[in-house]
There are 2 protein chains.
Amino acid sequence: MSKALPTRSENYSEWYNELVKRADLAETSAVRGCMVIKPYGYSIWEKMQRALDDMFKETGHQNAYFPLFIPKSYLSKEASHVEGFAKECAVVTHYRLKADPNGNGVIVDPDAKLEEELIVRPTSETVIWSTYKNWIQSYRDLPLLINQWANVVRWEMRTRLFLRTTEFLWQEGHTAHSTSAEAVAETKQMLEIYAQFAEEWMALPVVKGVKTANERFAGAVDTYCIEALMQDGKALQAGTSHFLGQNFATAFDVKFQDKEGKLEYVWGTSWGVSTRLMGALIMAHSDDAGLVLPPKLAPIQVVIIPIYKNEEQLTLISEKAAAITKELRKMGISVKFDNNDAYKPGYKFAEYELKGVPVRLAMGARDLENNTVEVARRDTKTKETVSLDGIAQFIGTLLDDIQVSIYNKALTFREENTMKVDTFEEFIRVLDTKGGFILAHWDGTSETEEKIKEETKATIRCVPLDSVEEQGVCIYSGKPSKRRVLFARAY
Amino acid sequence: MSKALPTRSENYSEWYNELVKRADLAETSAVRGCMVIKPYGYSIWEKMQRALDDMFKETGHQNAYFPLFIPKSYLSKEASHVEGFAKECAVVTHYRLKADPNGNGVIVDPDAKLEEELIVRPTSETVIWSTYKNWIQSYRDLPLLINQWANVVRWEMRTRLFLRTTEFLWQEGHTAHSTSAEAVAETKQMLEIYAQFAEEWMALPVVKGVKTANERFAGAVDTYCIEALMQDGKALQAGTSHFLGQNFATAFDVKFQDKEGKLEYVWGTSWGVSTRLMGALIMAHSDDAGLVLPPKLAPIQVVIIPIYKNEEQLTLISEKAAAITKELRKMGISVKFDNNDAYKPGYKFAEYELKGVPVRLAMGARDLENNTVEVARRDTKTKETVSLDGIAQFIGTLLDDIQVSIYNKALTFREENTMKVDTFEEFIRVLDTKGGFILAHWDGTSETEEKIKEETKATIRCVPLDSVEEQGVCIYSGKPSKRRVLFARAY
């Protein structure tokens, strides 16, 4: 390994950028704003996908696939949707290249201009609802519970690996229902699934809430979200679930005949999480030595490193390692035995710390004599020497411990960095010193929300679902308020 | 179910189009040439993906993700590649829309023109090799064994669902090696994996071979392929594996330092299969009543249909069905119990035939008395009444039988439709009567190959890997030939 990472306290942003690159998660590409997700990073994403996909299917959803391209006119059909999405996007105008008559490679063939331009999907509500029109006639066709795993493109001016990229990978659920109540229940169910995934798999505590009108998805009646706190005190929106009302059904004329034979517009939801979750995972747990991965999402859960002076020792260690590996794999634990002799153990230790492998086993001559192994956990960096008798069970329990421990650490951090604030002066002071989540009263107007944002760069992350009614006055306007909302500066 | 499908003998092409739509596999979208893959079709594709992905990983490959967009100039870097791919493609020229000043929705913002146009990837060699340049320095970095699951776009003028669509889904493997021999071995290994997948999972016998220079991938030194025969006597290329030599390494300046410290260009391969396999699967096995799916790829392997006169009978049948379902699921078999009372059993029988569910169980009052169930297999349409004792085991074995039986039927069909032909007259006669695979002598020149294609629409599908040396004369030119090659009209 080359030079150390920047530390978080020195420069959090640089620390993040360097970590993403050095841990082989992703890198920028030659195409502005688009990333290359490297195999190690992609294997974490695959684990996320598999877990989420299983949860979607358990709740009755099916996957399908809709076109990458959206006719330009579709975007205009839902009035507020076009406001939100038709601005910064990739526009396909031609369908052919031809040899440059001047001999300089290829040029766009002016004769191959599309009659109507195509937009690379920034999200798929329009193309999906235009399809649902043909799929839905009767209440018998409902609910329609569909999810898509896909790439989407939003032309971003300032990009950061995973957090904000022009192209990103995501899943987008799009469901259709016969009643408003059922669609709202679906919206909330998917929010719960996202929260459960964040907490159980990513070890990431999240606040569940509703967005204010300002922060709502373009085309939604209500946007629910999960919000997480990063180590630098900034919030990160980790997933959203939208109740669309009848907006897209109206825009695309999707009606169904109910049991009484009456024609009604269909009720809709959409919900998504993206490769942005990779950014959240990295920023929530990692430290100055590198990644800290929750075992459930770690591509390699256990690495075994032999420490040997000669071939004979290596052979003996390899035998023991093979036995441990076999037992662990039987338990469904992924193991790597790193006997690459091009690198010294110290180098390997640092490398696997950087990569966030949750448990490291080191075995040397002393261990051979004593039938032991040195077990180091990545999250706390503690080490202990453990007997090989029952080692597999020991490691299984340890991995479970680490998963819980990473979650608890993040939860404690969030609790320590969630403040109730009652004046605008204190609000600014907290934001400028420690940051974090701030629970404060707000008068409920978009005007105040925008002014606070202008003056402090803090936004209302959500109205938490578990917020209690409480009399107070808005920190900005002094007007009465009935509940606190969650403010933060955010990614 | 509405009216019957067109029959294969009446109109094979219409039969295929209608089957794809009626069996809920896919449909055309509002975007020219792009398809919507419906949930039932997508679940077959997911099973294909999972099986292939497992095979790739078992042979040491890792997944990664590269950008959707390719800078236009990249396409020109490999001379023959640009010839093959830079023609019909989606070109992104702008990155912003704005409100139409005339109030008609949105228009392309002329101020947001890209300096260099971006091409939606038709295949990713160029963007991947431009990345590999930074990943490869030394022989220690090799081999690099990477696969990507992605969508690609090739602007096709005439499209057909699954077989030829503007956007399609695929996997593309891109590997880098330190020697030519290793890259050739990789190319052949992946061909074997494709053949194994086609035969074991899709129940589709394939001929493995090498393409002639005319049919080679643009940028490859050699293209290996698997070719399958459809029921209408036309061939379908089901997968390709390319040995790229040092072509892309040279174009993108990807060199490595070998063990002696010498700088050398890297050797490459690429290989892919796509949603086209769905077309092959449908056309190879299905019949006039609908899909015939090999059990290993069937989303529902067993359907249970109750036949009842009253609620009491339904309750008793439901109990037995639940017991069978539980046992089958324990064996990893997917089961659906269809007790929807909106439809009659006869309707359901036809519906599941259309959907290609391999095994149908029907249970009525007589079966309750006798502790039996009626077992119907989709492929042969035979029925038998079977005791419920040991029914799960019986069905497990039956599913295995069906898998083998579908394969054998396709193999017999192919054998009956593979002809050795020695004159051009007979060649034309066979093509115009039964079609099929034709093994014939060819003089080895592109000129002859093209003339045969012009006159007969038949192409050389491949030089089969198992072809034996044999003296003969070219059916077209009369010049000497050393081996027969495989001709057919093809999709």
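Among the residues of the stretch A:338-358, just one is over 21 Å from residue A:287 (Cα atoms) and of a type in the set (A, V, I, L, M, F, W, C), namely A:342.
Just give me the residues in the stretch B:80-100 being at the interface with chain A (Cβ under 9 Å from one of its Cβ atoms), small (Gly, Ala, Ser) and under 17 Å from residue B:219 (Cβ atoms), in sequence order. B:86 - this is the single residue of the stretch B:80-100 that is at the interface with chain A (Cβ under 9 Å from one of its Cβ atoms), small (Gly, Ala, Ser) and under 17 Å from residue B:219 (Cβ atoms). Would you confirm, using the coordinates I've provided, whether residue B:169 is under 17 Å from residue B:277 (Cβ atoms) and away from chain A (no Cβ under 14 Å)? The answer is no for residue B:169. Here residue B:103 meets the list (1) over 30 Å from residue B:299 (Cα atoms); (2) within 7 Å of chain A (Cβ to nearest Cβ); (3) among the small types (Gly, Ala, Ser) almost entirely, failing just condition (2).
Yes or no: the stretch B:1-23 includes at least one residue that is outside any loop (DSSP other than H, G, I, E, B), closer than 27 Å to residue A:145 by Cα, touching a helix residue (DSSP H, G or I) at 6+ places or on another chain (Cβ under 9 Å) and within 12 Å of another protein chain (Cβ to nearest Cβ). Taking every residue of the stretch B:1-23 in turn, none turns out to be outside any loop (DSSP other than H, G, I, E, B), closer than 27 Å to residue A:145 by Cα, touching a helix residue (DSSP H, G or I) at 6+ places or on another chain (Cβ under 9 Å) and within 12 Å of another protein chain (Cβ to nearest Cβ). All conditions in (1) modelled with pLDDT under 95; (2) within 17 Å of residue A:392 (Cα to Cα) hold for residue A:337, with the sole exception of (1).
Mind listing just one residue for me: the one in the stretch B:380-395 that is in contact with a strand residue (DSSP E or B) (Cβ under 7 Å, 6 or more places away or on another chain) and in contact (Cβ under 8 Å) with a residue 60 or more places away in the chain and, of those, surrounded by the most Cβ atoms within 10 Å (Cβ to Cβ)? Among them, the one singled out is B:395.
Considering only residues that are in contact with a helix residue (DSSP H, G or I) (Cβ under 9 Å, 6 or more places away or on another chain) and buried (at least 19 other Cβ atoms within 10 Å of the Cβ), which ones fall in the stretch B:308-325? Once the filter is applied, which keeps residues that are in contact with a helix residue (DSSP H, G or I) (Cβ under 9 Å, 6 or more places away or on another chain) and buried (at least 19 other Cβ atoms within 10 Å of the Cβ), the stretch B:308-325 yields B:308, B:317, B:320, B:324. Consider residue A:323 carefully, then state whether it is among the aliphatic types (A, V, I, L, M) and closer than 20 Å to residue A:385 by Cβ. When the stated conditions are applied, residue A:323 passes them. Scanning the stretch B:249-264 for residues that are buried (at least 16 other Cβ atoms within 10 Å of the Cβ) and part of a loop (DSSP other than H, G, I, E, B) yields a total of 2. No other residue among A:328, A:361 is crowded, with 20+ Cβ neighbours inside 10 Å and touching a residue at least 60 places away in the same chain (Cβ under 8 Å) apart from A:328. Scanning the stretch B:477-491 for residues that are charged (D, E, K, R) and surrounded by fewer than 20 Cβ atoms within 10 Å (Cβ to Cβ) yields B:479, B:482, B:483, B:489. Scanning the stretch B:471-479 for any residue that is polar (S, T, N, Q) and without any contact (Cβ under 8 Å) to a residue 40 or more places away in the chain turns up at least one such residue. Residues of the stretch A:174-228 that are at positive phi and either at pLDDT 95 or above or assigned to a strand (DSSP E or B) (or both): A:203 alone. Considering only residues in the stretch A:66-79 that are surrounded by 22 or more Cβ atoms within 10 Å (Cβ to Cβ) and in contact (Cβ under 8 Å) with a residue 60 or more places away in the chain, the one that is farthest from the other protein chains (Cβ to nearest Cβ) turns out to be A:78.
Taking the stretch B:136-151 as the region of interest, how many residues are in contact (Cβ under 8 Å) with a residue 40 or more places away in the chain, among the hydrophobic types (A, V, I, L, M, F, W, C) and within 11 Å of chain A (Cβ to nearest Cβ)? It would help to see each step written out before you state the result.
Of the stretch B:136-151, the ones in contact (Cβ under 8 Å) with a residue 40 or more places away in the chain are B:136-139, B:141-143, B:145-151.
Going one step further and asking which of them are among the hydrophobic types (A, V, I, L, M, F, W, C), we end up with B:136, B:142, B:145-146, B:149-150.
Subset that is within 11 Å of chain A (Cβ to nearest Cβ): B:145-146, B:149-150.
So the answer is 4.
Can you find, within the stretch A:25-42, the residue that is nearest to residue B:161 (Cα to Cα) among those that are more than 7 Å from chain B (Cβ to nearest Cβ) and buried (at least 20 other Cβ atoms within 10 Å of the Cβ)? Once the filter is applied, the top-ranked residue is A:35.
Within the stretch B:52-64, none of the residues are closer than 19 Å to residue B:163 by Cα, aliphatic (A, V, I, L, M) and within 13 Å of another protein chain (Cβ to nearest Cβ). If you check residue A:367 against the conditions, is it of a type outside the set (Lys, Arg), farther than 16 Å from residue A:287 by Cα and surrounded by fewer than 17 Cβ atoms within 10 Å (Cβ to Cβ)? So residue A:367 fails the test. Annotation note: of A:293, A:236, A:277, A:281, the sole residue that is modelled with pLDDT of 95 or more, assigned to a loop (DSSP other than H, G, I, E, B) and out of contact with any Ser or Thr (no Cβ under 6 Å at 6 or more places or on another chain) is A:293. Here residue B:26 meets the list (1) over 19 Å from the mean Cα position of the chain (by Cα); (2) in contact (Cβ under 8 Å) with a residue 12 or more places away in the chain almost entirely, failing just condition (1).
Check the stretch A:112-128 and report whether any residue there is out of contact with any helix residue (DSSP H, G or I) (no Cβ under 9 Å at 6 or more places or on another chain), more than 12 Å from chain B (Cβ to nearest Cβ), crowded, with 22+ Cβ neighbours inside 10 Å and over 26 Å from residue A:229 (Cα atoms). No, the conditions are met nowhere in the stretch A:112-128.
The values are calculated or read from the model by the stated rules, or taken from the named source; none is laboratory data. Just so it is clear, the model here is predicted, and its values are computed rather than measured. Cβ: placed from backbone, ideal geometry, glycine included. Neighbour counts: every protein chain shown.
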